[in-house]
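Read the structure below first, then the notes.
Any read-out appearing in this document is the output of simple, stated calculations on the displayed coordinates, not a laboratory observation. Just so we're clear, the structure is a prediction, and the values are computed from it rather than from any experiment. Positions of Cβ are backbone-derived with ideal geometry, glycine not excepted, and every protein chain shown enters the neighbour counts.
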Amino acid sequence: MKKRIKMLVTAGPTREYIDPVRYISNDSSGRMGFAIAAAAARLGMDAMLIAGPVSIETPKSVRRIDVISAKEMLAAVTKHAAKSDLIIMCAAVADFSPEKISKKKIKKKDGGSSRVTLKLKKTPDILAEVCKNKKSGQVVVGFALETENMEKNAISKLCGKGCDWIVANMVSAIGGRKSSAVMISRDGKKIRLPKMDKNDLAVLLLSHLMC
């Protein structure tokens, strides 16, 4: 009997709170990650989705864990990664979080100055952690959203993190229903995926990964 593939995918943004009402985040809709989870389930995989704060219905036959911050996403990924055969890190995780979170709403009059200084720290590098602890036989796929030099920057990320594949696309893809992408493997293979609906792109992406 053929083993059922266990796939873990992350999706959406994270929120790094400054105070009870304000946070650092981005425009990620989560559509790409959700589309991958849905496509994986239709292909018969055991699909688990770790999702940041988005308003998208859970795909049929997909197990879902909701998180808010990068720290929470790291904890959820760490808990489930070891049992996964295929790990796709599609979430747009915030790169920075405030050093301190104010327990009260920060008001304009606080501090008596026209300027407010916000000290930031780097968030956990979830992809790097997954790659560092990668088990034999696992396939780890990262995503690289770029504003320029897309392929060059994606290859740099691929080599720096140590994943098996990187999926590169431009920032124009964020939040939209359609996207194009370039899949780049550790051994230098490039697969160009033309612009299409993200649901169709997810199917095509998985078909190449499973070849």
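Residues that are small (Gly, Ala, Ser) and either surrounded by 24 or more Cβ atoms within 10 Å (Cβ to Cβ) or over 17 Å from Gly176 (Cα atoms) (or both) within region 29-56 comprise Gly33, Ala35, Ala37, Ala38, Ala39, Ala40, Ala41, Gly44, Ala47, Ala51, Gly52, listed in sequence order.
Applying the set (1) more than 21 Å from Gly30 (Cβ to Cβ); (2) loosely packed, with under 13 Cβ neighbours inside 10 Å to Pro98 leaves exactly one unmet item: (2).
Tell me, please, whether a residue that is within 20 Å of Leu204 (Cβ to Cβ) and either in a strand (DSSP E or B) or touching a residue at least 60 places away in the same chain (Cβ under 8 Å) (or both) can be found in region 103-124.
At the first step, the residues of region 103-124 found to be within 20 Å of Leu204 (Cβ to Cβ) are none.
No.
Answer yes or no as to whether Gly12 is surrounded by 15 or more Cβ atoms within 10 Å (Cβ to Cβ) and over 17 Å from Leu205 (Cβ atoms). Steps first, answer last, please.
Details: surrounded by 15 or more Cβ atoms within 10 Å (Cβ to Cβ): yes; over 17 Å from Leu205 (Cβ atoms): yes.
Yes.
Check region 79-91 and report whether any residue there is over 23 Å from Ala168 (Cα atoms) and surrounded by 21 or more Cβ atoms within 10 Å (Cβ to Cβ).
In the first step, residues of region 79-91 are kept if they are over 23 Å from Ala168 (Cα atoms); the result is 79-80, 82-83.
Next cut, surrounded by 21 or more Cβ atoms within 10 Å (Cβ to Cβ) only: none.
Scanning region 79-91 turns up no residue that is over 23 Å from Ala168 (Cα atoms) and surrounded by 21 or more Cβ atoms within 10 Å (Cβ to Cβ).
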